[in-house]
Every structure is written in structure tokens, then in C-alpha cells.
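Chemist: Okay, here's the structure, questions in a sec.
The values are calculated or read from the model by the stated rules, or taken from the named source; none is laboratory data. On a predicted model such as this, the values are computed, not experimentally measured, just so you know. Note: ideal-geometry Cβ built from the backbone for every residue, glycine included; neighbour counts use all protein chains shown.
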């Protein structure tokens, strides 16, 4: 996905530090050369989100105040070097924000090159924190706190012209001093520190704020994270698979009405496999020791033996191949439920006779109102399956369905790949996948 009009995705690398945060604070780092458009990108993200749960922190606030000797040689001071920043205070501030605490950020005067002694910027605890600055990827401790790293790329000539305009208008400098500083400090620092940090980026945005395609995609991802964080906090039995730009890309493809049937099936199968694998991770395991080819002992786990799959006819049958591929010889059951608006009726069921002794993977790609899922779960419980042994697998879930199912059955596990915006007046999931079964099996009108 590397094109002049979009963002370049170099992979998703969540750090162990960020993933363990009990407060689920999502920290985004935005880096790039001077005047590359970092601030514009951040402002556009925040403007589109229109959400008080998103705050911006600028690395520039953490410049060290110059000493008297440094002020005498102000024009010889390199403001683009890592040593120009108080990195320790930056790390301390980010750790507090990641733990859900409010912080006071310094206010830096670029004309006096000093911090204000009598005022701070109050940054409240938020679910999404955006850290912007030229060197935010340079320090490993700062990088390790980030959930997403964005590098804003721009042509060097464009950056220079923007720098001249900014420093002369906003910071009261003359053109000659700006050019001299750029040649002596800014460009060498970019080559030595900023450009090498580009390799740590998850996303590279060419053309900065002009790249609306990339910014829209990032905004959609953040919206998804905000929605998922809320519901996952409320319902501990809800599990959403790790969102990556691979999964977002696959979701984008299967939601497109113009996609071919072949591609729809291919990318749906990929997502279904991820959901199934994730769901299997919640089955009980027992310790097992094996001898490796080197003669060593490996202490691992043994798979759960007593399980079966149950698909809700007929869209749920699209998930059976992935389950068979993961679990050799697994038994499969079927449940047919007629759906009419917000009402459902059980039409047919064929389940393994010993289902009450098994862990059950219930499969339906779309969780909408939750009525069909609820009726299927009721049937399984009636057949003797303990609620705690049911894992409900689906591709997308509406918040209404999640609330209905998770409240009514607090001991089952719901595993999904993405949480939707909601239901429309016709009880259809939006933005949704349409009639998944018809699209997958080729019986839609097209």
C-alpha cells in the first residue's frame, strides 16, 4: 500500500510497554523534519475526531532553557540536536499520561529561549495522546511508550521555504539568520538524527497535511480504538483482535461494494482465520513435555481435545473452513434461525450428541442486534453446554449486539475483529458488510 496518494505502512509493531497499560491510553508519535507538516497533520486528526479524549503534546515544550553562557552564543546553539531537549522530563510526562494521570507541560518562549517560570500548560488525562516533534523517535524509552508511530515526509525545498516563513513571521528572525542556521544545524541534524529515525515509523505520510487519504485512514483507526476501549472496559468477556493496518486494509477491501467475489472471499477468509486463531487461544490447555530433535526437553502445552464448532446457517458456514484448517477432524453443528427485523425464530438445529461435554465455538460473521446470537446461545445452554464453555466468533460487531449478548451471558467470550458504529433504522449494521452470506456464497443480486 505504497502510493503517491496514500500512506506507506511499514508494519505494526506495538510495544510490550504500551500493550500492558491498564488504562488503555493510546499514544501516537508524529515525527518528521522541520516544517514537514507535522503540526498540520496533528491538527487535522484532532479536528476530524472532534473528541475531548484526544490531546496534543509538543516536544518543543520540552526544550531546555539556555544558560547565560549559551545565550551569549545563541546563534551557535543547535536546537535540532537531541541534547537541546529535556528528555528525562518528557519521558516522565509520557509515563504519567500513559497511566491515566493529568500533567503540567512547560511553556517555552522561542524568542527568549527560556521556559516560563510562572505558567504551565495543563494536559488532562485522555484516551488518545498525540506527541509531535522532530526527535520523538530518537529516544528508545519514548518510542517504547508509543502505540503508533507516524513519520511525516516532505520535499526538502518545501520544508525550507516553510521554515523561513515560520521563523520570520512567528519567531521574529531575519531570513539570513534562518538560512545560516538551516545550513549549519538544521540540515545536518536532519541527516544525522531525524532521517535515521524514519525506520521506526509504522506509517509514513508523504506530503503532510495535503495527504487527506492517509489522515482519513488514521482517523478511522483512532475512532475504532476509542470505541473498542470503552466497550472492552465495560465487558471483560469481549475480546477484539489486535488492530493492525493489515486488518484495516482487509476490512477496507471486504466492505467495498466494487470488490470482486473472488477477492471478497479471499480477504474474508484471511480475517476469519485470524478470528478463529484468536478464539482458540481462550480454550483451556494442559502442560505437555516433548523431546526436541536436539534431545532437549521442551515444556509446552497440549491442545484442548473436547471441542466442536457450531455455525449459524448460513453466513456462519463461511467460517467453517478456517476452523477445520486449525482443528483437524473437528465436529461441526448447525443452527438455522429465521431473522425478520428485530425478531428471530429457531427453524432447525443439528448438534453433536455429546455437545454438553465440549467447548463450543459458535460462528456467525456479523453480530447485529444480538437476537440471533442470543437464541443460538440459549439453545446451546439448553443442550447442557455451560455458558463459560461457549466462545462466540464473528468478524464485526455492533455495540448494541455486544451490550445485549455480553450483559445477558456474562460468562461467554465474544471474539471479534472490529466494532462497528451501530445499527440503522432497519437494524442493519453500519458501516457493515451487507448480506455477508449472499456476498460470500455468490447469491446476491449482482
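Chemist: Applying the selection to the stretch 366-404, what residues are surrounded by fewer than 21 Cβ atoms within 10 Å (Cβ to Cβ) and on the phi > 0 side of the Ramachandran plot?
Modeler: 384
Chemist: Right, another one. Could you say which residue among 362, 380, 395 is within 15 Å of residue 277 (Cα to Cα) and touching a residue at least 60 places away in the same chain (Cβ under 8 Å)?
Modeler: 395
Chemist: Can you name the residue in the stretch 281-315 that is touching a residue at least 60 places away in the same chain (Cβ under 8 Å) and not in a loop (DSSP other than H, G, I, E, B) and, of all such residues, is nearest to residue 383 (Cα to Cα)?
Modeler: Per the stated criteria, the residue is 310.
Chemist: Kindly list the number of the only condition in (1) without any contact (Cβ under 8 Å) to a residue 40 or more places away in the chain; (2) in contact with a helix residue (DSSP H, G or I) (Cβ under 6 Å, 6 or more places away or on another chain) that fails for residue 238.
Modeler: Result: residue 238 passes all but (1).
Chemist: Under 13 Å from the mean Cα position of the chain (by Cα) and either outside any loop (DSSP other than H, G, I, E, B) or more than 24 Å from residue 402 (Cβ to Cβ) (or both), is that true of residue 227?
Modeler: It is true that residue 227 is under 13 Å from the mean Cα position of the chain (by Cα) and either outside any loop (DSSP other than H, G, I, E, B) or more than 24 Å from residue 402 (Cβ to Cβ) (or both).
Chemist: Moving on to the next point. Quick test for you: out of 443, 369, 344, pick the one residue that is modelled with pLDDT under 95, under 21 Å from residue 228 (Cβ atoms) and not in a helix (DSSP H, G or I).
Modeler: Exactly one of 443, 369, 344 is modelled with pLDDT under 95, under 21 Å from residue 228 (Cβ atoms) and not in a helix (DSSP H, G or I), namely 369.
Chemist: For the stretch 168-194, enumerate the residues that are surrounded by 15 or more Cβ atoms within 10 Å (Cβ to Cβ) and in a loop (DSSP other than H, G, I, E, B).
Modeler: 173
Chemist: Would you point out the residue of the stretch 251-276, among those that are at pLDDT below 95 and within 16 Å of the chain's Cα centre (by Cα), that is surrounded by the fewest Cβ atoms within 10 Å (Cβ to Cβ)?
Modeler: Among those that are at pLDDT below 95 and within 16 Å of the chain's Cα centre (by Cα), it is 252.
Chemist: Give 111, 72 a once-over and let me know the one that is farther than 28 Å from residue 202 by Cβ, touching a residue at least 24 places away in the same chain (Cβ under 8 Å), surrounded by fewer than 17 Cβ atoms within 10 Å (Cβ to Cβ) and in the same structural domain as residue 38 (by TED's automatic domain parsing).
Modeler: Only one candidate passes the filter, namely 111.
Chemist: Another question about this same structure. Would you mind finding the one in 325, 376 that is over 29 Å from the mean Cα position of the chain (by Cα) and outside any strand (DSSP E or B)?
Modeler: Selected residue: 376, the only one of 325, 376 that is over 29 Å from the mean Cα position of the chain (by Cα) and outside any strand (DSSP E or B).
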